[in-house]
Amino acid sequence: MSHDFKSLTRFLVELGTDEIPHSNTPFLSHLIGVYRDLKTWGAPEHLVLAGLFHSIYGTSAFQGFTLPLDRREEVRALIGADAERIAYLNCALTRDSMDDTVESGGEPQLWDRFRNEPLPVSATEFEELVTLHLCDRLEQVGRVGNWDLRRSAWEAMARRLGGVALREWERVHTGAPAAPDATACWLSQPDEWSPLFARWADQHGAHARLHEWEQWGGRRVTALTLGDDGKSRPVRILMAVPHAHEPAPTAALVNLASRLLNGCHIDGAPSPTLGPNLLERALITLLPDTNPQGRARAVRRVWDGELDNDAFLIQAFGESSDGSRLGRYPEWTRADHQPRKVGLIYEEIAAGHYVEPNTSRKSTHTRAVDELFDRYAFTHYLDMHQHEGDEAALLPAGFDDLSPEQQGAESAWAAALLDMWDRNAIRHKGSYSPYLGLPRQEFFREYWRGRCPGMLQLTSEARNNRHAVSGAPTPLARQLRSATLAIEATLKHLAAP
Ligand SMILES: [Zn+2]
């Protein structure tokens with residue numbers, strides 16, 4: 001069909017789109033900009049028209065204007081069924097499902113936020129959606145200047161499409177600040193990053209103090225304290241990673257140390273300041289991996305969905321004598337379970353004697369946290385984890401035992417993480433106390449009883465391996481981004497001037 005541009009814009013003006021702000025311009029101007037750019041890119045007519053209506057029903061990122069879905073028929077009559085279908089799909093898909101697909105480079109695995117179920121699309125529809133999505137981004141990023149937002153995902157879209165889309169991506173990004181490369185910044189195996197901590201402690205003197213503990217078998221647990229001033233700073237934050245099958249927060253903490261000490265990411269890309277004079281207001285202790293013995297047994301550096309979750313969780317927890325996944329126990333001996341294989345999560349503390357680092361007081365994790373607490377009396381502890389589902393901020397198992405003031409502070413901190421993920425298109429499950437009424441809640445209560453008085457705790461869960469419901473793999477860049485955002489939200493919330 002050949003379309004009448006004037007009548008289409010009249011329809012949009014009547015809806016009031018010229019008075020709604022979007023990306024520092026009227027919404028209508030942005031819609032027309034995307035329409036115009038898709039034409040320049042040589043897109044087929046139905047895709048150009050979809051560009052003009054690309055967020056008409058609202059998107060997961062833009063809710064400033066939403067036409068009710070029961071008016072789809074009207075839109076179809078105006079721009080045709082093919083164009084309306086692409087516009088509708090663009091409004092329905094969650095940004096994170098789009099990012100996952102392009103970053104993992106696989107088949108489309110989109111998720112429908114209207115129906116909360118998978119959103120099946122054909123290969124052609126997917127290519128058109130990626131084209132529309134990228135064009136939409138490139139039309140506004142220069143105006144808004146939020147270069148770091150989902151950057152690796154946009155770049156993956158440009159590289160997937162090639163041709164004019166890639167040329168336009170490069171043109172728009174000329175002069176933009178260089179972006180870190182997640183693969184190059186990812187250090188998570190003990191021998192990859194612990195020498196860096198030792199070197200930085202040498203180079204930065206009192207600004208970076210190294211701490212070490214030895215595990216049974218000789219592996220060393222390493223921590224770095226930034227802004228060491230004993231207990232005098234008002235905010236003193238510990239961030240730690242107890243589980244060896246959860247490498248993304250390790251990589252994020254190591255990269256954070258580089259950003260704070262050297263002003264750049266591990267790969268040398270410049271890092272904008274994480275807050276002026278952050279290290280004069282806050283003491284920050286990084287404990288990126290409290291079970292390097294377990295981590296060193298890992299057959300992979302990152303769990304990005306190549307193995308399915310069953311195979312991955314056998315690596316994580318171990319394999320029983322009958323081939324099933326080994327259970328989760330705070331403390332056990334080889335004689336108790338006679339496993340074929342011991343999972344990464346466990347720390348061997350004497351021959352054939354195993355503990356889970358964050359539920360047994362016999363672990364090196366516990367020793368490190370307690371000794372550091374004696375020295376710095378942390379006000380806050382971010383316990384960093386990964387799981388096979390949407391992101392979450394977990395309140396402590398003993399949340400109900402806290403004072404109303406402490407509960408309020410915990411909830412506000414959790415909300416800061418959720419808000420940060422929201423703004424970066426990372427879907428999350430909200431915040432809650434897990435394990436309520438289960439034996440595991442009592443393990444945790446017992447584990448913390450009488451320790452670290454006054455220290456507020458929050459657990460961040462970044463997505464690992466494959467999503468338990470959708471089955472979508474979780475690319476490395478996405479894992480690093482998610483853990484990094486939890487850290488940034490924590491620093492911003494607790495230590496902003
Ligand atoms: Zn964990």
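Suppose we filter the range 454-481 for residues that are within 14 Å of the ligand (Cβ to nearest atom) and either assigned by TED's automatic domain parsing to the domain that holds Asp100 or of a type in the set (Ser, Thr, Tyr) (or both); how many remain?
Total meeting the criteria: 2.
Residues of the range 339-353 being farther than 15 Å from Val221 by Cα and more than 16 Å from the ligand (Cβ to nearest atom), which ones?
Answer for the range 339-353, where residues must be farther than 15 Å from Val221 by Cα and more than 16 Å from the ligand (Cβ to nearest atom): Pro339, Arg340, Lys341, Val342, Ala350, Ala351, Gly352, His353.
State the number of residues belonging to the range 169-198 that are of a type outside the set (A, V, I, L, M, F, W, C) and at pLDDT below 95.
If we filter the range 169-198 for residues that are of a type outside the set (A, V, I, L, M, F, W, C), which is where we start, we get 170-171, 173-175, 177, 180-181, 183, 188-192, 194-195.
Still in the running and at pLDDT below 95: 170-171, 173-175, 177, 180-181, 183.
Residues meeting the conditions: 9.
Which ones in the range 144-164 are part of a loop (DSSP other than H, G, I, E, B) and either surrounded by fewer than 20 Cβ atoms within 10 Å (Cβ to Cβ) or in contact with a strand residue (DSSP E or B) (Cβ under 6 Å, 6 or more places away or on another chain) (or both)?
Gly145, Asn146, Trp147, Asp148, Leu149, Gly162
Against the definition (of a type outside the set (D, E, K, R), farther than 20 Å from Arg233 by Cβ and at pLDDT 95 or above), how does Leu382 come out, yes or no?
So Leu382 fails the test.
Could you figure out which of (1) in contact with a His (Cβ under 7 Å, 6 or more places away or on another chain); (2) more than 28 Å from Leu476 (Cβ to Cβ) isn't true of His207?
Of (1) in contact with a His (Cβ under 7 Å, 6 or more places away or on another chain); (2) more than 28 Å from Leu476 (Cβ to Cβ), only one is false for His207: (1).
Okay, residues lined up against (1) within 16 Å of the ligand (Cβ to nearest atom); (2) touching a Leu at 6+ places or on another chain (Cβ under 6 Å):
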{"residue": "Thr222", "(1), (2)": "no, no"}
{"residue": "Gly230", "(1), (2)": "no, no"}
{"residue": "Arg236", "(1), (2)": "no, yes"}
{"residue": "Pro247", "(1), (2)": "yes, no"}
{"residue": "Leu253", "(1), (2)": "yes, yes"}
{"residue": "Leu256", "(1), (2)": "no, no"}
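Enumerate the pairs (first residue in the range 343-363 and more than 17 Å from His245 (Cβ to Cβ) and outside the structural domain of His243 (by TED's automatic domain parsing); second residue anywhere and aliphatic (A, V, I, L, M) and at pLDDT 95 or above) with beta-carbon separation below 6 Å, excluding pairs fewer than 6 apart on the same chain, so at least 6 apart or on different chains.
Final answer for the pair search is Ile349/Val355.
Condition first: surrounded by 20 or more Cβ atoms within 10 Å (Cβ to Cβ), part of a strand (DSSP E or B) and touching a residue at least 24 places away in the same chain (Cβ under 8 Å). Now tell me which residues in the range 94-118 satisfy that.
Result: Trp111, single match.
Conditions (1) surrounded by fewer than 19 Cβ atoms within 10 Å (Cβ to Cβ); (2) of a type outside the set (S, T, N, Q); (3) away from the ligand (no atom under 16 Å from the Cβ); (4) under 30 Å from Ala414 (Cα atoms), marked per residue:
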position: Ser324; (1), (2), (3), (4): yes, no, yes, no
position: Ser363; (1), (2), (3), (4): no, no, no, yes
position: Asp370; (1), (2), (3), (4): yes, yes, yes, yes
position: Gln386; (1), (2), (3), (4): no, no, no, yes
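If only one of Arg85, Arg76, Arg10 is touching an Asp or Glu at 6+ places or on another chain (Cβ under 6 Å) and basic (Lys, Arg), which one is it?
Result: Arg76 is the single residue among Arg85, Arg76, Arg10 that is touching an Asp or Glu at 6+ places or on another chain (Cβ under 6 Å) and basic (Lys, Arg).
Which residue is surrounded by the most Cβ atoms within 10 Å (Cβ to Cβ), if the candidates are limited to the range 434-487 and must be in a strand (DSSP E or B) and under 10 Å from the mean Cα position of the chain (by Cα)?
Going residue by residue through the range 434-487, those that are in a strand (DSSP E or B) are 456-463, 466, 473.
Right, trim to under 10 Å from the mean Cα position of the chain (by Cα) and you get 460-463.
Values: Ser460: 26, Glu461: 26, Ala462: 27, Arg463: 29.
Here the residue is Arg463.
Please work out which residue is farthest from the chain's Cα centre (by Cα), limiting yourself to the range 233-273 and to residues that are assigned to a helix (DSSP H, G or I) and not aliphatic (A, V, I, L, M).
Checking each candidate, the answer is Asn262.
Filter the range 14-37 for residues that are farther than 21 Å from Arg72 by Cα, part of a helix (DSSP H, G or I) and free of Cβ contacts under 8 Å to residues at least 40 places away in the same chain and give the result.
Glu19, Ser29, Arg36
Which condition from (1) at pLDDT 95 or above; (2) buried (at least 17 other Cβ atoms within 10 Å of the Cβ) is the one that Thr333 breaks?
Against the list (1) at pLDDT 95 or above; (2) buried (at least 17 other Cβ atoms within 10 Å of the Cβ), Thr333 comes up short only on (2).
I'm trying to understand the selection: among the residues of the range 148-160, which are under 14 Å from Glu127 (Cα atoms), out of contact with any Asp or Glu (no Cβ under 7 Å at 6 or more places or on another chain) and not aromatic (Phe, Trp, Tyr)? So that I can check it myself, show each step before the final result.
Step one: list which residues in the range 148-160 are under 14 Å from Glu127 (Cα atoms), which gives 154, 156-160.
Checking the rest, the ones that are also out of contact with any Asp or Glu (no Cβ under 7 Å at 6 or more places or on another chain) come to 154, 157-160.
Across the range 148-160, the qualifying residues are Met157, Ala158, Arg159, Arg160.
Take the range 38-82 and flag every residue that is crowded, with 19+ Cβ neighbours inside 10 Å and part of a helix (DSSP H, G or I).
If the condition is that a residue be crowded, with 19+ Cβ neighbours inside 10 Å and part of a helix (DSSP H, G or I), then Leu38, His46, Leu47, Val48, Leu49, Ala50, Gly51, Leu52, Val75, Ile79 are the ones that fit.
Report every pair of residues separated by at least 6 positions or lying on different chains whose Cβ atoms are under 7 Å apart, first residue within the range 306-324 and free of Cβ contacts under 8 Å to residues at least 40 places away in the same chain, second part of a helix (DSSP H, G or I).
Ser320/His337
Answer yes or no as to whether Leu210 is outside any helix (DSSP H, G or I) and under 24 Å from the mean Cα position of the chain (by Cα).
Details: outside any helix (DSSP H, G or I): yes; under 24 Å from the mean Cα position of the chain (by Cα): no.
It is false that Leu210 is outside any helix (DSSP H, G or I) and under 24 Å from the mean Cα position of the chain (by Cα).
When the range 222-244 is examined, which residues are found to be at pLDDT 95 or above and farther than 24 Å from Asp267 by Cα?
Correct list: Val235, Arg236, Ile237, Leu238, Pro242, His243.
Restricting to the range 258-293, what's the tally of residues that are within 16 Å of the ligand (Cβ to nearest atom) and either at pLDDT below 95 or among the acidic types (Asp, Glu) (or both)?
1
The values are calculated or read from the model by the stated rules, or taken from the named source; none is laboratory data. Because the structure is a prediction, the values reported are computed rather than measured. Glycine gets a Cβ as well: all are built from the backbone with ideal geometry, and neighbour counts include every protein chain shown.
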